[in-house]
Amino acid sequence: MLAGDVGGTKTNLALYQFTENKVDLVREGTYHSANYASAIDVVQQFLSENKELKPERICLGVAGPVIQGKVEMPNLSWNLDSEEIRKAIAAKNVSLINDLEATAYGLAALDEDDFITIHAGAGHYGDNMAILAPGTGLGEGGLYWDGTSYHPFPTEGGHADFSPRTELDIELYQYLQKKYNIVSWEKVIAGPGIHDIYRFLCEVKRRKEEDWVKDLLEKEDPSAVISQSAIEEKDPACMETMQLYVRYLARESCNLVLKLKATGGLFLGGGIPPKITSLLQQNVFYDNFLDCDRMQHLVKKTPVKIILNNKTALLGAAYYGAYA
């Protein structure tokens, strides 16, 4: 079968051999999504490179809301239709699921080495769980317990309104509102939000922008430049940016746990958390994660882990396609 993790920046595809009890990787490839006009094009490219292998089933985890086998991706101009893909590829069965749903399925395929634990917590098996995944966009999902097993489900909570608390938060909100009109959590803690927070600090709060940072921002991925400079403690403005970013990430993590009553565990996935683990292990994340209203006791019992395996959604799509 062919499994895919289709994101706004990159698309991971893999061919798996599945049996009654397991799936085994046969071939995989990564493609820059913007280089292709559609998901069908990138799938056909991958299959043309592996002509001897013809998939019977296809399952793609897609960064967007799937409705009746169709999805419009918010961070890429692709519209996917499972029936169109089935006809174009001549597969017997094609499934589209949200990428956070795929990540949730993929958790079952991971080992302890695929996680870093920020807080062990005291959650119990059978409690709901939550996944928050900032990358090109912001994905949020969960797993609910029906008394027998866990059921992954997607949400579009990343597009809910950002909720400022402090005067600085309100200033940032006003800055982003002028740029985007509607300020969602995705605008703050998805990858581009890092650059926006930095620009806010330099333009509104008059933090000094070093020439070497400015030069790198023009040549490389701004969010990566800022976060790495903060980790290496090279630049005060970058360090302050990431302190704010981590605080906001913690706040929305707490929101998600409260809304899903996810005392079974919070999993931080996506492209950003594994790259900033040293920042997330500092007190600023956990202190702000706990800083809620009257439910601190509930949040405190929630285990918090970073997902290190960047193929989790791909594995989840494979398991869903093979067995669901």
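The values are calculated or read from the model by the stated rules, or taken from the named source; none is laboratory data. As the structure is a computational prediction, the values presented were derived from the model and not from experiment. Backbone-built Cβ (ideal geometry, glycine too); neighbour counts: all protein chains shown. Only protein heavy atoms, including side chains, enter the accessible area calculation; ligands, DNA and RNA are left aside. Shrake-Rupley method; radii C 1.70, N 1.55, O 1.52, S 1.80 Å.
Observations on the model:
- Highest-fluctuation residue, 18, 153, 289 considered, GNM on the chain with Cα pairs under 10 Å: 18
- Rounded accessible area per residue of segment 1-61, 1.4 Å, Å²: 50 Å²
- Packing order of peptides 198-211, 178-191, highest average first: 178-191, 198-211 (average count of other Cβ atoms within 10 Å over each peptide's residues).
- Most fluctuating residue given options 154, 74, 134, as computed from a GNM of the chain linking Cα atoms under 10 Å: 74
- Sequence-distant aspartates and glutamates (8 or more away, or on other chains) whose Cα lies within less than 13 Å of residue 300: 287, 291
- Sulfur and carbon atoms: percent of accessible area, the chain [1.4 Å]: 47 percent
- Gyration tensor verdict on segment 237-324 (Cα atoms; rounded if a/c is under 1.5, prolate if a/b is larger than b/c, oblate otherwise): oblate
- Which listed pairs, of 187/214; 10/275; 259/311, have C-alpha distances above 20 Å, in listed order: 187/214; 259/311
- Think of the chain as a dipole: +1 on every Lys or Arg Cβ, -1 on every Asp or Glu Cβ, centred on the Cα centre; then among 297, 25, 42, 297 lies furthest on the positive end.
- Cα-centred dipole magnitude for the chain, charges only on beta-carbon of K, R (+1) and D, E (-1), debye, nearest 20: 380 debye
- Dipole check for segment 202-300: with +1 at the C-beta of Lys and Arg, -1 at the C-beta of Asp and Glu, and the Cα centre as origin, the magnitude is about 620 Debye.
- A 1.4 Å probe run over the protein chains yields, for segment 196-324, 45 Å² of accessible area per residue, whole-number rounding.
- Estimated from helices alone, the mean residue ellipticity of the chain at 222 nm is -12000 deg cm²/dmol (sum of -39500 (n - 2.57) over DSSP H runs with n ≥ 4, per residue).
- Note on residue 117: accessible area is roughly 70 Å² with a 1.4 Å probe, heavy atoms of protein only.
- Restricting attention to the chain, close to 65% of DSSP beta bridges with both partner residues there are antiparallel.
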